[in-house]
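Here the structure comes first, spelled out in structure tokens, and everything after it is commentary.
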Amino acid sequence: MNRIWRLKRREPELSSSLAASLNVSPIIAQLLFNRGIKDEMQAHHFLHGDLTSCHDPALFKDMEKAATRINRAIKSKENILLYGDYDVDGITSVALLNIVLTRLGAKVTNYIPNRLEEGYGLNINAVKLAHRNKNSLMITVDCGISAHKEIDLANEFGIDVIITDHHEIKSETLPKAYAIINPLQKDCNYPFKHLAGVGLAYKLAQVLLKNTPYQVEEHLDLVALGTVSDMSVQKGENRILTKEGLKKLSTTEKMGIKALVEVAGLKGKIISCSHIGYILGPRINAMGRVGSPEVSLNLLLTSDPNEAQTKAGTLNRENRNRQKIEARVTSEAMEKIEREINFKDSRIIVLSGSSWHTGVIGIVASRVIDKFYRPTIIISVDGKIGKGSGRSINNFHLFNAINSCKKHLVDFGGHEGACGLVIEKKNIIAFTESINKIAKDVIADKDLYPALDIDIEVELSEISEKLIEELALMVPFGPENPKPMFSSSNVYLRNEPRRIAKNGFKMLVTDNKTTCEAISFRAEGMSVPYKGSKVSLVYSPSINTWQGLSSLQLDLKDLKVAE
């Protein structure tokens, strides 16, 4: 697939000034500029911010009201129900609040819905069960902001509901909950609007543990797991919480996390965002996709090392099972696209199938985008009802598009980059036509090519170990703080590229001043050059250490061979 190279504008005078004030290289200063950080105070906070830089949780609307109600429930021994989502963000949120409330002496139970049987969000049957179990207080985490009728029923039963949810608000009115902690409320003055669900749970816990001997910071390992897995932006407070949480993950005392790290082959390693996103997160998510999310929750809560090892092993096996299911559904979806989709008419791919596991359709949508680069919605149909999951591309707000087609839907939710929906089978065609009509007016031809946003063009000889050490200041990487990408021209191949892995290659490149190894493990769409070729490269630089020796290495993103 052809990629558009988009080189950001260089500001040499401004970056030199910022570099001098920060005592970093002009390249690092330019990277900060590219992320909207243009003065010394902002830059210092970005590079060196710590927990003391975070905002006071009391700034949240309803935070004091929520904390007062929870403390009253603890003192009067009321039955408290924690209700969370089945993904990593939801599970870590429930785990964090469960640990904190239990330490404070609360009578607390957990409820995480089954993805396949109950779907996303608070549901009526769960509210009825809470009533039967004499729960007088329910706290939702990572869900609840759209649960109007469910909260109305809870109110009828005399159950107070505290909503903590970071999702976008899709209606003009809010549910009639006892308290709502969501920074996206119009009248909420909390400055940072991008906390994950577990970030909100952490903020609530921070208030509950104030003036107690317990330290909320010991649960930053859970915050990092949930924040990174939920693809939350890595700026502001998220960046600080993730950075501190990564440190905590590498030294965690939680038996479940230690067992998971070990079974995933990461014991003894410094945990990174990549480890969470590609190794730990998928294992926690696997039970929510193809089994019971309670297993993942209980893993995070257990203090028994034997139980932790058993449950971590279960997650590992279920993740392999999830991978097999995902591969089958992906294969069937790709074949169906080749047969059914007319790319001249379809700006958005909407695909449905009757035997597709709903636990993997979101991942399958991402796989389709990797190949065809169009917003994709995959719908699993069971009888007369379909459940769908969608993923988007740059410059297309999927939630807004879905919202404009809501007359065809039973229910929906999501944000700019992803969505979930419920639809009657008979309405799928009408929905497909409607959302594609919207997309034709919004998505230009140029938007259907993936773009590589290049931070800066440099001479290969400008890349050094010292620069890469400075790049570590910008960790953690993630949405809105992507891993920096460099480009270099006038580079030559010193040898014939050698094939590695399933679809990759590595080679030696030089500009006659610096020689280093360039490597790609996924070379789809790249023209593999030959010895002596003159090439332009897009890459992220790193230091590769092998058998005690360190050397410069380029992680290739794309290349062009000069004609």
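Some points to look at:
- If the convex hull is drawn through the Cα atoms of the chain, its volume per residue in Å³: 169 Å³
- Each Cα pair under 8 Å and six or more residues apart adds its sequence gap; the mean of these over the residue count of segment 307-437 is a relative contact order of 19 percent.
- Contour minus Cα-Cα distance for Arg498 and Ser542 (0.36 nm per residue): 13.9 nm
- In this structure, Asp441 and Asn306 have a Cβ-Cβ separation that, at R0 = 56 Å, corresponds to a calculated FRET efficiency of about 0.45.
- The chain, relative contact order [Cα under 8 Å, separation at least 6], %: 12 percent
- About the Cα centre, charge dipole magnitude for segment 445-542 (Lys/Arg +1, Asp/Glu -1 at Cβ), debye: 680 debye
- J(HN,Hα) series, segment 295-300, from Karplus relation 6.51 cos²θ - 1.76 cosθ + 1.60, nearest Hz, glycine and proline x: 5, 5, 4, 5, 4, 6
- Put in order of Cβ neighbour count within 10 Å, fewest first, the listed residues Met474, Met334 become Met334, Met474.
- 17 Å cut-off, amide nitrogen to a point 7 angstrom out along Lys128 Cα→Cβ, residues in segment 138-177: 149-159
- Cβ crowding within 10 Å ranks Asp221, Asp304, Asp445, Asp511 as Asp445, Asp304, Asp511, Asp221, fewest other Cβ atoms first.
- For the chain, the mean residue ellipticity at 222 nm estimated from helices alone is -12000 deg cm²/dmol, where every DSSP H run of n ≥ 4 contributes -39500 (n - 2.57) and the total is divided by all residues, rounded to the nearest 500.
- Residues whose amide H lies under 5 Å from that of Val491, counting only those 5 or more places away or on a different chain, are Val535; hydrogens are built 1.01 Å from N in the peptide plane.
- Additional length obtainable on full extension of the chain from His44 to Leu508, 0.36 nm per residue less Cα span: 163.4 nm
- Packing-based ranking of 449-455, 138-144, 399-405 yields 138-144, 399-405, 449-455, ordered from highest to lowest mean Cβ neighbour count within 10 Å.
- Packing-based exposure ordering (other Cβ within 10 Å, fewest first) of Leu184, Leu18: Leu184, Leu18
- The distance linking segment 494-519 with segment 129-177 is 56 Å (Cα centroid to Cα centroid, whole angstrom).
- Neighbourhood charge, 13 Å Cβ-Cβ cut-off, centred on Asp304 and excluding it, Lys, Arg +1 and Asp, Glu -1: +2
- Links that overshoot a 27 Å alpha carbon limit, given the list Lys248/Lys311; Lys258/Lys466; Lys446/Lys466; Lys203/Lys254; Lys502/Lys560; Lys193/Lys243: Lys258/Lys466; Lys446/Lys466
- Size of electric dipole in the chain: Cβ of Lys, Arg +1 and of Asp, Glu -1, about Cα centre, debye, nearest 20: 1080 debye
- Peptides 265-273, 535-543 ranked from most to least packed give 535-543, 265-273, packing being the mean of other C-beta atoms within 10 angstrom over each peptide's residues.
- Remark: the Leu473-Glu262 segment gains 73.2 nm on full extension, using 0.36 nm per residue and subtracting the alpha carbon distance.
- About the centre of its Cα atoms, segment 341-448 shows a dipole size close to 160 debye [charges on the beta carbon of Lys, Arg (+1) and Asp, Glu (-1) only; nearest 20 debye].
- Of the residues Asn319, Ile337, Gly383, the one whose Cα sits farthest towards the positive end of the charge dipole of segment 297-394 is Ile337 (charges of +1 on Lys and Arg Cβ, -1 on Asp and Glu Cβ, taken about the Cα centre).
- Each peptide among 424-436, 36-48 gets the average number of other Cβ atoms lying within 10 Å of its residues, and from highest to lowest they stand as 424-436, 36-48.
- Shown here are the Rg and Dmax of the Cα trace of segment 394-510, at 22.0, 61 Å.
- Here the scattering of segment 510-563 is modelled by Debye summation over its C-alpha atoms, one equal scatterer each and no solvent; at q = 0.26, 0.30 Å⁻¹ the log10 of I(q)/I(0) is -1.16, -1.33.
- In segment 57-118, Cα pairs under 8 Å separated by at least six residues give a relative contact order of 35 percent.
- With the charge dipole of segment 432-497 set up from +1 on Lys and Arg Cβ and -1 on Asp and Glu Cβ about the Cα centre, the Cα lying farthest toward the positive end among the listed residues Ala472, Val458, Thr432 is that of Thr432.
- Shape call, segment 455-563: gyration tensor on alpha carbons, a/c limit 1.5: rounded
- The per residue volume of the convex hull around the alpha-carbon atoms of segment 341-448 is 89 Å³.
Any read-out appearing in this document is the output of simple, stated calculations on the displayed coordinates, not a laboratory observation. Computed from a predicted structure; not experimentally measured. Note: ideal-geometry Cβ built from the backbone for every residue, glycine included; neighbour counts use all protein chains shown.
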